[in-house]
Amino acid sequence: MSEKISRRNFLRTATLGAAAAGLLAGCGNSAASGSTAASTAAGTYTAGTYSATATGINTTTPVTVTMTFNADTITDVQIDVANETKGYGADIADEMVKKILDAQSSEVDGHSGATITSDAIKKAAESCINQAKGVAVAPTEANKAETVVPEGLTTEEVESSVCELGDITPDETKDFDVVVVGAGAAGVPAAGWAAELGGHVALLQKQSIVVSQGNCGSAIIKSKSTDAGKKMWVHMTNGLCDWRADTSLLNAYVENSEEALMWYLNRAGLTDQTEYGDGSLVDSNKNPSDLLHNDEKEIFAYMCTSQDLTGVWKDRMDTYDFGDEHCYFFAPWIGPKPKNVGDVLATVLENVQAKNSNLEAFFNTPAVKLVHENGKVTGVIAKDENGKYIQFNASKGVILATGDYMNNEAMVKRWCPDVDGFDKKQYQKTGDGHIMAIDAGAKMENLGHTKMMHDFDSGLMYEEPFLYVNMEGKRFCNEDTGFVYMGNITKYVPKFNGNNVDANHPDGSLGWYCQIYDSDYMSYANSPIPEQVMTKYIPGAVENPQGVFTNLIDTYKADTIEELADKLAYNMDTCKRILEGAGVLDHDNDGRLEYMSGSIQEIELSFLVCSDSSAKAGVANRFAEIMDSIGLTVVVNSLPWDDYVEALQKGEFDMYYGEIKLRNNFDLTELLDPDNKYDEEKNPNGINFTGITDPNYVMYLNDYLAAGDVERDYKYNQFCSYLTENCPIVVIGFEKQEIITHRGCVKGVDANAGNPLYNFQNWEITLG
């Protein structure tokens, strides 16, 4: 089916786990909110009408709930979901009103297929109930900014963050020397170094883990640089920044980055060295993984881009002559993907804490407000996962290391509109540090904001002489521009239905383009990338490509433009090509596909399906027809329920079409748990019929199920990435009038709320 299925030997293990209409509730950030049921004891409420809001599908216009109470009961509920998606969340108001009134509580079942809107309604209803009970209400998305918003901020910006304005009375106070907000690439080293210097340090993180998405760190190695060379580097770098850089910061990087980087590599267990020094082999480009590695954590420096800047250096605009002077730039890359700097930093934190008990980390504890007295920041108020406010006093200082604001739409539109409409690779970067600082009296710099564009993993990003075309196949720029500056250009190319299709970007997202190059590029490229590096990104060219996300590979090789265009058409020829890349070919020229294992092995896949459902049987037959068109034989075994179950239990299938009623939190444990394997004697109720043994599925799934609001999206994507990468099952479910499936491989869907398989005969399986 997909590349990943074929590469993972799906012939025995792939499962078509299909969920019927509405059973895939809980996608995204739709896990249960944990609202508290209202008590109906006499005199529970203060009679009156109360309103609250919460964010649903539409992130710009919240859901509003208005509830009326007498002393004992909820007497009326009004729900405004007019701005939610039509045919989805916008149609559930009456149903949810009835549920809340019947239960006299906000703790009710949501609407199947509209979980996000349901959760927003329940959250707002809970707030109304708490108001009526006189319970102090933690600020929600919509009431965070009810206090006057300070100059330099807008209500929308505050609402999109975790920050809270106004006075907050802490439930607990803790005293530290230094408080660091954010456990990422800046926060972890800052906290660790401060602790090693003897400070009592608190590290606050709103997620449950260390988070940093990059793959590289860098430094200027002073021991291999001359003073004049270092000054030349500062001059060159400032020129690349249109002479707007703060040279004092560039000089600070030059003087301190070597020590910082070596501290980071050492504390991660990647090297025993604490100082660089002449003669070091840390930057060896021959085989850096032999030196920089941590076998226990399976992390290493898989590539090194060290450069000795000496002689003449030319960028796209200027030439810089270092003469005989030297400035040595050192940049080890961390991998292999999906391992990244976040994995290294988690190891750094673990190792530093093991030797320094004075460093305390508080996860699931987002900072919401800075404490300041007499013009000086003296601490941070954070909120733990139970909603308790904790004031962290800092006698020596507070360090804000909260990352950027790419996921705060209001801030992006105001401060960096050039990237509005682009896909965002990372999550939960909501400008919390910026907002807390402004609330405490800081001013936002008007110019020079980083565009927050992060790398992609489907192909290469190098300064190579590629031909650039938009998603309509048209050239749109002078290719000498290079990928570094492409964000300035691609904001003008036609939108494309990428990952960012949502209420804010209904027409798709910006920034999508293709690179085309020929086999002669090595002869005219200034710094050509070796062919063996390129081929890792071509499906089937390398059997087990390392250092890339194989499920995201999206590079194609062809002999002609016409052939390339055909491969990009996402048709069954693409599926055939993927199978061929895995060695599945028509070896005996009989028009059918086979594989070689000492001799030619015919392929015949059995597809088990329950005949009690004509729709499911029809889907299985349709799948078999499509596979037959490329020479792959799929035999549908359609059995009545009892015989179907017996065949499942005996493992008499290569694939099966199953159905599981998912809980409202996307719990696939029953299918994925190694402990739930079917065994006639030991576990007769187990439904892990494919015999999945990998415990990581359940580990990532449990992390998601246990996640709080601030980290739910990240954990969900982490689980889905692993599920997609290894593909033990293909999930098909109904949501938003669409079929949700592995890599979006089903098109032409005309489903309805009662039957997600409606009109399945018109589906197109577009694998590639």
Each residue of segment 685-701 in turn: what ³J(HN,Hα) in whole Hz from Karplus with 6.51, -1.76, 1.60 and θ = phi - 60°, glycine and Pro shown as x? 9, x, 10, 7, 6, 7, x, 4, 10, 6, x, 5, 4, 5, 4, 5, 5
Amide hydrogen neighbours beyond the local backbone of THR75, cut-off 5 Å, H modeled: THR68, PHE69, ASN70
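Taking square-rooted eigenvalues a ≥ b ≥ c of the alpha carbon gyration tensor, is segment 304-432 rounded, prolate or oblate, where a/c under 1.5 means rounded and, failing that, a/b exceeding b/c means prolate?
Verdict is prolate for segment 304-432.
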Least to most buried among VAL158, VAL635, VAL493, VAL178 (fewest other Cβ within 10 Å first): VAL635, VAL493, VAL178, VAL158
What's the magnitude of the charge dipole for segment 162-212 around its Cα centre, counting Lys and Arg as +1 and Asp and Glu as -1 at the beta-carbon? Answer in Debye, nearest 20. 260 debye
What nm value, rounded to one decimal, do you get for the distance between VAL312 and HIS449 when each label is placed 7 Å out toward the C-beta? 4.1 nm
Hey, what do the phi angles of segment 370-375 turn into as Karplus ³J(HN,Hα) couplings, whole Hz, using 6.51/-1.76/1.60 and θ = phi - 60°, x for Gly and Pro? 8, 9, 9, 9, 6, x
Under the rule of at least 5 residues apart or a separate chain, name every residue whose amide H is placed under 5 Å from the amide H of GLY397. VAL179
Per-residue HN-Hα couplings for segment 403-417, Karplus 6.51 cos²θ - 1.76 cosθ + 1.60 at θ = phi - 60°, whole Hz, x for Gly and Pro? x, 8, 10, 4, 9, 9, 4, 5, 5, 4, 4, 7, 9, 8, x
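Which of ILE489, ILE121, ILE220 comes first, and how do the rest follow, when ranked by fewest Cβ neighbours within 10 Å? Mind showing how you got there, number by number?
On the way: ILE489 15, ILE121 34, ILE220 23.
Least to most surrounded, the residues fall as ILE489, ILE220, ILE121.
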Net charge of Cβ neighbours under 15 Å - reference GLY686; Lys, Arg +1; Asp, Glu -1: -4
Under a 5 Å amide H to amide H cut-off, with H placed in plane at 1.01 Å, what residues pair with GLY214 once short-range neighbours are removed? VAL341, GLY342
Where labels lie 7 Å past Cα in the beta-carbon direction, separation of ALA103 and GLU604 in nm: 5.2 nm
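Every number in this text was worked out from the coordinates using simple rules, so none of it is lab data. In this text, all values refer to a predicted model and were calculated from it rather than measured experimentally. FYI the Cβ positions are ideal-geometry reconstructions off the backbone, even for glycines, and counts take in every protein chain you see.
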